[in-house]
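See below for the structure under consideration.
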Amino acid sequence: MKLLKILTLAFLTCLLTTNLVAQSDVKSFNFKKGEILDILLLTNKPDIEKDFEKYKKTAFPIAFKRTYQPQPSFRIKETTQGNIQPTTFIFGKWNDLKNREQFISEIGDIVPDFHVQRRNMWSIFNLTYYEMPRDISFKIDKSKYIVATSYWKEDTESFKKFIELWSQKSKAKGGKKILQLTNGKSPIGYYHNPDLLVITQWKNKQEFDTFYEENLKMDHKGVLHVNQFVLN
């Protein structure tokens, strides 16, 4: 009986530990209507630690005052389509569009070397922000194969047909749409404003690769440009 209790306790401990590890892989996001969702694509320059300490002391307090709330970030494991290779995919949150854009308009006056600081630290710094049209909640499971795809349109009607087919093929091959964003904005100097951003979850790389091969063969009429990243 004593041995049984020990084994049971060991099993429960193992189960609990496994669940905690699994839970840590799942990042949850909750946005209310009117809140702002930031997406930043970054690549660090070497040895930015000292500069980043200054940045935290000068820029962060202004951002926090304007309601900025950090969100989970992800490493970009691979660029599968497109002409840039950022290394980090970052989410952010602001209370509303007024605060988000007020930060953009005032930060240069409050911190005169703000943009210089950014250029000193990051070789890539692209920003798109989205005003939520409704309450939105989503989860990203890092134990799965997560792909973020951005498309720019050449022609509205052809692009619409392309995306409809793209979505059908993605779903048929096992892709689960986690998040879809449109109508973003980008500030001057950090411009990266796709017409559509879709984050898709796949069971594994093999499942995605099956879709990816079909995707590349599709008629891309109506598509101006694409960037696609594997997140981890």
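The values are calculated or read from the model by the stated rules, or taken from the named source; none is laboratory data. All values reported here derive from a predicted model rather than from experimental measurement. Methodologically, a virtual Cβ is constructed for each residue, glycine included, from the backbone with ideal geometry; neighbour enumeration extends over all protein chains shown. With ligands, DNA and RNA removed, areas are computed over all heavy atoms of the protein, side chains included. Shrake-Rupley method; radii C 1.70, N 1.55, O 1.52, S 1.80 Å.
Give the residue that is surrounded by the most Cβ atoms within 10 Å (Cβ to Cβ), with candidates limited to residues of region 56-90 that are over 13 Å from the mean Cα position of the chain (by Cα) and closer than 19 Å to Ser123 by Cβ.
First, the residues of region 56-90 that are over 13 Å from the mean Cα position of the chain (by Cα): 56-69, 78-85.
Then keep just the ones that are closer than 19 Å to Ser123 by Cβ; that gives 59, 78-79, 82-85.
Working: Ala59: 19, Glu78: 12, Thr79: 15, Gly82: 14, Asn83: 8, Ile84: 13, Gln85: 14.
The selected residue is Ala59.
Can we say Ser158 is open to solvent by less than 60 Å² (accessible area, probe 1.4 Å), free of Cβ contacts under 8 Å to residues at least 60 places away in the same chain and part of a helix (DSSP H, G or I)? Don't jump to the end; show me each part of the working.
Details: open to solvent by less than 60 Å² (accessible area, probe 1.4 Å): yes; free of Cβ contacts under 8 Å to residues at least 60 places away in the same chain: no; part of a helix (DSSP H, G or I): yes.
Criteria not met by Ser158.
So which pairs qualify, if the first residue must be in region 127-149 and in a loop (DSSP other than H, G, I, E, B), the second must be small (Gly, Ala, Ser), the Cβ gap must be under 8 Å, and the two must be at least 6 apart or on different chains?
Met132/Gly34; Ser143/Ala22
Determine the pairs where a residue that is more than 30 Å from Leu231 (Cβ to Cβ) and open to solvent by 50 Å² or more (accessible area, probe 1.4 Å), located within region 91-110, has a partner that is modelled with pLDDT of 95 or more and hydroxyl-bearing (Ser, Thr, Tyr) with Cβ atoms under 9 Å apart, the partner being 6 or more residues away or on another chain.
Ile110/Thr58
Among the candidates Pro86, Pro70, single out the residue that is farther than 20 Å from Asn227 by Cα and modelled with pLDDT of 95 or more. If you could, list the steps in order and put the result at the bottom.
Values: Pro86 fails: farther than 20 Å from Asn227 by Cα.
Result: Pro70 is the single residue among Pro86, Pro70 that is farther than 20 Å from Asn227 by Cα and modelled with pLDDT of 95 or more.
When residues of region 142-155 are filtered for being under 21 Å from Lys27 (Cβ atoms) and either open to solvent by 30 Å² or more (accessible area, probe 1.4 Å) or of a type in the set (Asp, Glu) (or both), how many remain?
In the first step, residues of region 142-155 are kept if they are under 21 Å from Lys27 (Cβ atoms); the result is 142-150.
Within this subset, residues satisfying the condition of being either open to solvent by 30 Å² or more (accessible area, probe 1.4 Å) or of a type in the set (Asp, Glu) (or both) are 142-144.
Residues in region 142-155 being under 21 Å from Lys27 (Cβ atoms) and either open to solvent by 30 Å² or more (accessible area, probe 1.4 Å) or of a type in the set (Asp, Glu) (or both): 3 in total.
Out of everything in region 22-55 that is more than 15 Å from the chain's Cα centre (by Cα) and hydrophobic (A, V, I, L, M, F, W, C), what residue ends up being least open to solvent (accessible area, probe 1.4 Å)?
Looking at the filtered set, the residue picked out is Ile48.
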